[in-house]
Amino acid sequence: MPDSSSASVPSAHEATAEVLKNAALSTESGSSKSSDAADESALEHLNVDSSDDADSALGDMAPVPSTYSATSSIYHYVEENGRTYHKYKEGKYLLPNDEAEMDRLDLQHQLWSITLFEELFLAPVKNLHNILDIGTGTGIWAIEAANKYPSAHVIGSDLSPIQPEYVPPNCHFEVDDVEDEWNYSQKFDLVHGRALVTCFKDPFFVISSALDALNPGGFLEFHDFVIPLRSIDDSLQGTAFQSWQEKTFDAADKLGTSWRNSANYSRYLEEAGFVDVVEKHFQWPINPWAKGARMKTIGAYCQENILRGMEALSMAVLTRGAGMTKEEVMELTAAAKRDVPNRDIHAYVPLIVVYGRKPE
């Protein structure tokens, strides 16, 4: 990992919403359903900062703390290549569930919060009584939803029971596979899923199940990445980072879990029967190369998120899907990590937010 001085990352607890909202950036592209067109139109807001004092907008930001929330130590797991993975439906989800990954997921939650100006969802939900968070991970989104909407009942489901033991009284967690039949006794007003592009072999089944589980007028909303990562110029081409992402995503395809499906979410929602489908686009620069205080904050968080997550994203995928050894994966990711803080590489993570309403 590069020296922390390359991009000082703010503490999530110290970053105030007021500062973030005052930083000028709007990267959403409206309701266009063409991912490529939407991303291109949004890039007018993503400009290279070539000034000598490019770090000044970051100020005296503190490093990211090693832990954001207490997590339960009581969970089942299997160990593979130095990482731990879920035991229930063993092998289905390709990312680990160990402490390092849980800390990274909570960091990533802060990135999403900054991006959406602290909003937990964007759909115009009315009469919010029951909420389901699928692929809840550490449960941080579900817990925040329960705190923000104390009269609502929030359920978080995941293959790994890694959520905190002490949660708001209107929140609970279940170990479940959302690619199995859904058997909830109640209907939901909102089904939420975030960073699920690495999770499902059949996202259309999950979307159809969500439609059945919603009350009439309820919403399904996804927040996700659009893979592969891109750049505003040709600076990503020929880099070790580009090689890493191509090999990793191709290996995931070979394992039958395509990580490229998020660009199709709007179409899947409409084909399943959702109406009033809206798609919005955002970007995370992979480091603080972009202009503006807000984008530098996002870039600093994103750099740390990528550096912490590369081995987690790659280890099982490349050893299982590409036949690589642990040592080969470590060598590949080490080379790619050296590219991440390079501000001459103007790469970004494309993001998509899609929501749709179940007809009345």
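Read-outs: derived from the displayed coordinates by stated rules, not from any lab. These figures come from a predicted structure and were not determined experimentally. Heads up, the Cβs are rebuilt from the backbone with ideal geometry, glycines too, and the neighbour counts pull from every protein chain shown.
Brief remarks on what is shown
- Once the chain from Glu119 to Asp180 is taken as fully extended at 0.36 nm per residue, the excess over their C-alpha distance is 19.0 nm.
- For segment 331-339, the Karplus equation 6.51 cos²θ - 1.76 cosθ + 1.60, evaluated at θ = phi - 60°, returns couplings of 5, 5, 6, 4, 5, 5, 4, 5, 7 Hz by residue, with Gly and Pro reported as x.
- Among 114-120, 204-210, the order from most to least packed when residues are scored by Cβ within 10 Å on average: 204-210, 114-120
- The stretch between Glu271 and Val78 holds 65.7 nm of extra length on full extension. This uses 0.36 nm per residue minus the Cα-Cα distance.
- Our coupling estimate for segment 182-199, obtained by passing each phi through the Karplus curve with A = 6.51, B = -1.76, C = 1.60 and θ = phi - 60°, is 7, 10, 6, 7, 10, 9, 10, 9, 8, 10, 10, x, 9, 6, 9, 4, 8, 9 Hz, Gly and Pro reported as x.
- Here the peptides 168-176, 241-249 are ranked by packing, the mean other Cβ count within 10 Å, and the order with the highest first is 241-249, 168-176.
- Unsatisfied cross-links (Cα-Cα over 30 Å) in the set Lys148/Lys280; Lys201/Lys358; Lys187/Lys254; Lys201/Lys326: Lys187/Lys254
- Cut-off under 5 Å, modelled amide H: who pairs with Trp259 long-range: Asp253
- Panel order for Ser113, Ser185, by other beta carbons found within 10 Å of each beta carbon, from fewest to most: Ser185, Ser113.
- Histogram of C-alpha separations across segment 270-360, 10 Å bin width, %: 15, 31, 25, 21, 7, 0
- Among 223-230, 212-219, 296-303, the order from most to least packed when residues are scored by Cβ within 10 Å on average: 296-303, 223-230, 212-219
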